[in-house]
Structures are given as C-alpha cells and as structure tokens.
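For reference, the structure discussed in these notes is given below.
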Amino acid sequence: MAEITDLSLQNMPKGKQADGIDIDIVKVNSKMLLPSTYSVSLVTTTQAPTKNRGDCVCKQGNFLHWNTKECIAQKPWGFECGFFPRQQQNRVCQDGLTCKRLNATDVYESSGKYKGWTATSPATCEYCSKEDDCTTGMERHLADCVRSGDLKRMEEEMKDEDAELEPWEDSEVFEAWGHKGANLDDGDDKDLDAFGRQEPKMCVTVKVTVPALTMRDQSTRVIEAKLNTTLQVIANATQKADANASASGKSQRQAVAEVQAEANATYNATAYAEATYTAYAEATDKATATYKAVATAEAKGKVKGATEVTAAARSNATGAATKIVNATRSMKAKGEAGVLVKLKQTGHGKASAEAEERATVHLEDVERVTKNATVTKEGRGSLTKVFQATATAKAIVEAKACISARQARKMLGQQTMKQSGETFARAVYKKAEREAYAEATDRATRTAVKMATEAAQKRINTDIEQQVKEYTEAHREELEKIALEDAVNSTAELKKNLQEAAMKEAMHKAVEKVKSEAPREAQRRADAKAKKAAEDQATKLATEEAQEEAKEGLEKKAVIKAREEAQEKANQQAKEKAFASAKTEAEEAAKEQATKAAGEAAEILAEQKARKKAEEEAVKKAVEKASQIADSKEAEVNADGQKAEHNDSDHE
C-alpha cells in the first residue's frame, strides 16, 4: 500500500472572486449626547440593496456628479476628489486609483441644501495598494455605479435628513454645538466650563446585512504517493556469431523408377443396318348425308271407303366413325464414326549410381541470455490538480460611530467656520451626524463583508479539503501505479549492468557454438549433397529404362483399340438411323390408312341414318295426309245429309 501525502507544493494565490454583493444598510438610530441632557432620535432609514436598482446611469469610465446629476469622466492621479461626498468618492478616480483622505482640515464648501453637511474632507486620487483591494473594468463599474433606481432615493434621503434632524432644533442644542471654544487646542478648554467640562457628541448606529455573499476560490495541490516494493530486474541479451568450414562427402545410391507413356490413335469406320417397325394409328372422322324417300299410305273413311296417298320426305344425318389401323415398314441406313483413342502404358526401370560432392558452410548462431536480480526500491508518484469551490455566506453587523463637536469643527470648511449662531451650530452637528453615519456604515460594511468572506472562505476551504480527500481516494490506484513506475525507473542502472553482463555471456556462447558446429555442419551438408547427386543420377538412369519399356508396342495397341471402338460406334449409329426411318415411315402410313378408313365408315353410317330418317318421315307424312283426306270426305258426306234433311223438312 502506498503512503499518499498532500504536499501542497503549490498553493496558488487566492484567486478569490465574489459575485455582486447585495448589501442592506439600515440606520438604526442617531443619538446626540449633550453635556447636560441625553436626547435620542430613532431613525429607520434603509439604503436599498445593490440588486434590482435598474441600470447604471453613466457608462463605464464615467460617474454621476452628486450635485449636478451629470455624467463626467473619472479623474486621473492627483485629482482632488475630497470635495465629493464620501459616499461618492469611490467612483471619482480612474481604474487603478483610489480616493485617499489626507490628514488635513476640510477646506471644501458646498452650497445650497448640501451646505455644511456633505461630509467632505481633503483627499486625492492615488495609486491602489494591495491593501486597497481595488477592482477595475466592468466589475468595478457594475459594483459602484449609481443606478437609475438610486436617483429618487437620493433625493428622498436628503429630505429625510432634514426631517430627522428637526427634533434637535432647539436653543440648548444650538448652544452646545455652536460653541467655538471646542475648536481650540486640546489644552485650552476654558470655554467648556459651562458644560461640566464635557462636549457634545453625535453617535450613529448602523446595521449592515450581507444576505448572500458568494465566493469562488481555487487551490492547486500536489498529491504524492510513496511506495516501497520488491522488484525483479530482468535483462535479456541476444548476440550473433558466425564461422566458415568445408568438407567432402561420397555416396552410392540405387533407384527404382516407374514411368507412364501415352500414345494417340485415330480411326474412321462405316457400317450398314436394316430395321423393321410396325406402327398403329387410330383415327376418328365425321360425315353428313342427305336422303330422299317416298312412302304410300291408305286411309279408310266411314262413308266412302279407303283412300291411298303417296308422300315424299328428305332428311340429313351425321355419322362418326373411329378406326384403328396398323402398318409395317422396313428401312436400311448407313452409319459413320471416327474415334480418337489415348492409351497409357507403364514401364519400370532400376539403376545404381555413385557421386562425390564438396560443401562449404557459413554458420551463424544467435544466443539469448537472461540475467536477473531482486532489489527493494522506493518509488514516488504525484498528481497535480486545481480544485475549485464556491460558497455563499451571510453576515449581519451593527456598528456605532461617534463624532464630537471638536472633531466635527475640524472637518468644516473655512467659510463655514466664519458662521455663527444657529447656522453654525446646525452645520456642526449635521457634519457630526453625517460623518458618524459614514464611519459607522463604512466600519459595519467592511466588517460584514469580511465576516461573510471569511465564513464563505472557511466553507470553501472545507469543500476543497474534502475534494482533495475524495480525489486522493479515487486516484489511489493511479498514484500507486505512477509510484511503481518511478520505482521501476530507478532500477535503470542495475538493468544496464545486467544487460552488459548478459551480452558478454551471449557472445561467448554464440562463438563457442559456431566454432564447434561449423565442421560438423559442413560434413553433413557434403554427405547430403553426395547422397542427393547419387540418387538423382540413379533415378535418371532408371527413368530412361522405364520409358523404353513403357513405349514398347503402345502405338499398335492404340490403333487396334481405335478401330474396334470406331466400328462399334458406326454399327450403333446405322441401327439407330434405320430404326428411326422405319418408325417414321410406318407411323405416317398407319395414320394415313386410319384416316381414310374412318372417313369411309363415317360416310356409310351417315347415309344409313339419313335413309332411315327420311323413310320414317315420308311414311309419317303419307299417313297424316291420308287421314286428312278421309276426314275431309266424311265431313262432306255429313254436310250433304244435313242439307237433304232440311229440304225434306221444308217440303212437309
């Protein structure tokens, strides 16, 4: 298991970044402490939060003049920024500069409704120091600018200031604050006797709330792992050596060969054949015949006796007949066939041969040697990572500041100091109240922001430490792997020494091996070459002998076989042709005879049917006609009888 430590070799300068801070400022109360009385005025004025105040009135690089309400360019180094109210001084100087107060008496004067209470004091634009914690660019502009929603509030605050101080407008207050003896040196306080050697003070309590200050910070950490491990160092070396050697070899070999020879022969044959075939054919035919017949019939009546009648009739009839006839035909045909015959024959041969050969070899050998050693080494591995965290904190601070009459007079301008009576007294305690409010606000704001910042930073530090812990655990295997690699790398020198020793040993082994093996290898190769040469020669002689045997009588055998096959094919062809011709002739003759016989039979049958039908029709007609005549005669006789009876009746 590796020992893992947070070295923190690089703690980057705190790149603390805080989002826009939403600050609520509430003037809890203002207290005026007089020598002979104690007067309290509770004030509930609230400065609006920095959020939801609208857009900046002026563009970046400009600020709003507190009196004229015009946007003017920010001022360069050395500009006297002190005549602007303290609440406005942070906007007056250019980026990289800050308005710093001088240790001097206020010589600035404001006119109109701001006269005597603008809380100004000598100050100039100076370069920012590290302690000033200055911001620049858009970040500073968005944080410090006067916004559209602030203008109305500023006017209302001016009015509220006058209304809030009205309760102190009495003779006792004016007398306490308007006494100029307090402006004397600290040792010269004779004019304070009337007030029990006390002087009036203005104390203001301000409550500042930072509801949510969000900070971002980062820290670069180096996490190191130490690992003690036992390693086996292995070095492999491969070396090559070569040597030359020559040797002679002699060999006698015997070979047996079997060779197959091939011969081609062509033969054309002619043959004649006769074939007889009997064919049967069946034919069906139809015929139509017309026949006229005459018949005589006798009809007997009741009155006049028998009457003989002759009638003729013509009739058509169709007859169908089927006949089966056979015919036999004999035909002769000629057949011709040509045949190509390929005939193979195997011959055998046997021979002996002797050969002598010489061989030269160049022998190479590669030897591999492994050296190893076991050592214990310490390895170190590290990972560097930037950890980031964001935290939000809240702070509420209430601060109190008191400004005495003496301190307020020192802050007044020369023109104000020339005043007297109520006007001067009012200017003094307004100055004291304004400065006390500004100082309490500044002190509370700084403290609240500092407390919120420290709380957020503490949370960030805790978060980062937790991140470091989690990161260390998550990357423990990776750190151990890096440490192990470092331990392995530390064995490089040992591995180098082992490598050199392995190379020397491998070279020695390779040289010794090729020196002893080369002569033996040369002899083996010479013997193998002689053996092969003898085998090749013996095989050649045996093959020649076998070829002679294989070719003997092969062509004659091929011709005989070709003739036999050609004659057989010609005979078969002649038979097939004769049979086909006989079959064709017999089938055609049988078909013709069957058709003729069927036609003749159909005609006879049709004539017989027509005759019979016509005779039957003639007899039928004669009978019908004779019957009609007999009936007609009988009717005439009946008519004559009735007529005679009628005549007889008339005579009577």
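General observations
- Ser246-His508 FRET efficiency (beta carbon distance; Förster radius 30 Å; 0.05 resolution): 0.75
- Judged by the ratio a/c of the largest to the smallest principal axis of the C-alpha gyration tensor, the stretch 430-576 counts as oblate, that ratio being 1.5 or greater while a/b is no larger than b/c.
- A simple spin-label model places pseudo-atoms 7 Å from Cα toward Cβ; at Lys556 and Ala373 they are separated by 9.2 nm.
- Fully extending the segment from Glu616 to Asp640, taken as 0.36 nm per residue of separation minus the present Cα-Cα distance, adds 5.0 nm.
- Scanning residues 5 or more positions from Lys385 or on other chains, those with amide H under 5 Å from its amide H are Arg221, Ile223, with H placed 1.01 Å from N in the peptide plane.
- 32 Å Cα-Cα threshold exceeded, pairs from Lys350/Lys561; Lys201/Lys458; Lys69/Lys431; Lys323/Lys577: Lys201/Lys458
- Over 20 Å between alpha carbons, listed pairs Lys342/Lys575; Lys286/Lys613; Lys394/Lys450; Lys240/Lys371: Lys342/Lys575
- Note, ³J(HN,Hα) from phi for the stretch 433-442, Karplus 6.51, -1.76, 1.60, rounded to Hz, x at Gly and Pro: 5, 5, 5, 5, 5, 5, 5, 5, 4, 4
- In percent, rounded to a whole number, the relative contact order of the stretch 219-360 is 42, using alpha-carbon pairs under 8 Å and six or more apart.
- Over all distinct Cα-Cα pairs of the stretch 324-458, the Kirkwood formula returns a hydrodynamic radius of 30.5 Å.
- Simple label model, 7 Å out from Cα along Cβ direction - Ser352 to Glu336, nm: 6.1
- The label-point distance for Asn268 and Gln218, in a model that sets each label 7 Å from Cα toward Cβ, rounds to 10.5 nm.
- For the stretch 357-437, the relative contact order is 29 percent, taking Cα pairs closer than 8 Å that sit 6 or more residues apart in sequence and dividing their mean separation by the residue count.
- Sites Asn67 and Asp95 - FRET efficiency at Förster radius 25 Å, r taken between beta-carbons, to 0.05: 0.55
- With the convex hull drawn over the C-alpha atoms of the stretch 515-652, the volume per residue is 204 Å³.
- Here the calculated FRET efficiency for Val366 and Glu465, from their Cβ-Cβ distance with R0 = 51 Å, stands at 0.30, rounded to the nearest 0.05.
Bear in mind these aren't lab numbers, they're just calculated from the coordinates by the rules spelled out. Keep in mind it's a predicted model, so treat the numbers as computed, not measured. Please note: Cβ atoms are built from the backbone with ideal geometry, for glycine as well, and neighbour counts cover all protein chains shown.
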